[in-house]
């Protein structure tokens, strides 16, 4: 899609035409993104994100946008991006509807709720009592969804608009790869834009785990009871996250990292880091 095709929806002035396939933030990695940039502190993020193809910004920043990017002006770039987002939702840009597809050998408890459209459930998967599988969910083979778990709930994103808090609608989905296990009362939020919150194969989520929108979790991860993974996080393969640990938004956790129970992680963690060993040494 071209910037000129959405200029009216976002009240944009197009300075340099450009094409995009998805919307996003500067800390996301969706393909060919249209993003907003309104704060000079985030220039490094803009320059370093190779998935950005178009930018909505302010007039004062135009000369600093790289020449290969499409660029448009808006008085309030973030709200222009959200206006375009809502326009694309109305135009059904993000998703092509289909009737829900459940593999013949999948086991669905009678009290589970499965949306009648836009859900796929693979062979050998089990959906336990009172679980809720909402639209825009793709579930692989041999997946276990425990009692009371909710998949593809709307994520938590509100913005201030004068004296109000305005919810931003979520249009994406959740993709759960093969052999994932989720126990009771897990909540997985769908992607804000058109992509997927993703859970990698053989990953296990304990009771009461919360995974926010736009998160990507790798393979063979273990996330223990009560842990909270905030929006836009990237967790690589073979990571352990202990009970009641919290990851703040937009951080990356390297492969084979171990995070101790109750920890709050506020910055990127290099691969192979073990906070469990550090905690053990500190207690001696």
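We did not get these values from a lab; they are worked out from the coordinates using the rules stated. Nothing here was measured: the structure is a model prediction, and the numbers come from that model. Positions of Cβ are backbone-derived with ideal geometry, glycine not excepted, and every protein chain shown enters the neighbour counts.
Brief remarks on what is shown
- 0 to 90° range, to nearest 10: angle between helix 77-90 axis and the chain longest Cα axis: 70
- Cβ-derived FRET efficiency at R0 35 Å, residue 109 paired with residue 51, nearest 0.05: 0.30
- The residues 59, 5, when put in order of fewest to most other Cβ atoms within 10 Å, stand as 59, 5.
- Bridge type composition, the chain - antiparallel percent by DSSP, nearest 5: 15
- Size of the range 3-90 as Cα extents on the principal axes (Å, biggest first): 33, 26, 20
- Modelled spin labels at residue 4 and residue 68, positioned 7 Å past Cα toward Cβ, are 2.3 nm from each other.
- Extension gain (nm, one decimal) between residue 264 and residue 11, 0.36 nm per residue minus Cα-Cα: 87.1 nm
- Scattering profile of the chain at q = 0.11, 0.12, 0.13 Å⁻¹ [log10 I(q)/I(0), Debye over alpha-carbon scatterers]: -0.69, -0.81, -0.92
- Radius of gyration and maximum dimension Dmax of the range 81-206, Cα, Å: 15.3, 52
- Over the range 175-281, the ratio between the Cα radius of gyration and 2.2 N^0.38 Å evaluates to 0.96.
- Beta bridges from DSSP with both residues in the range 203-284: antiparallel share about 0 percent, rounded to the nearest 5.
- Between 103, 60, 19, the residue with the greatest mean-square fluctuation in the GNM of the chain (Cα pairs under 10 Å linked by springs) is 60.
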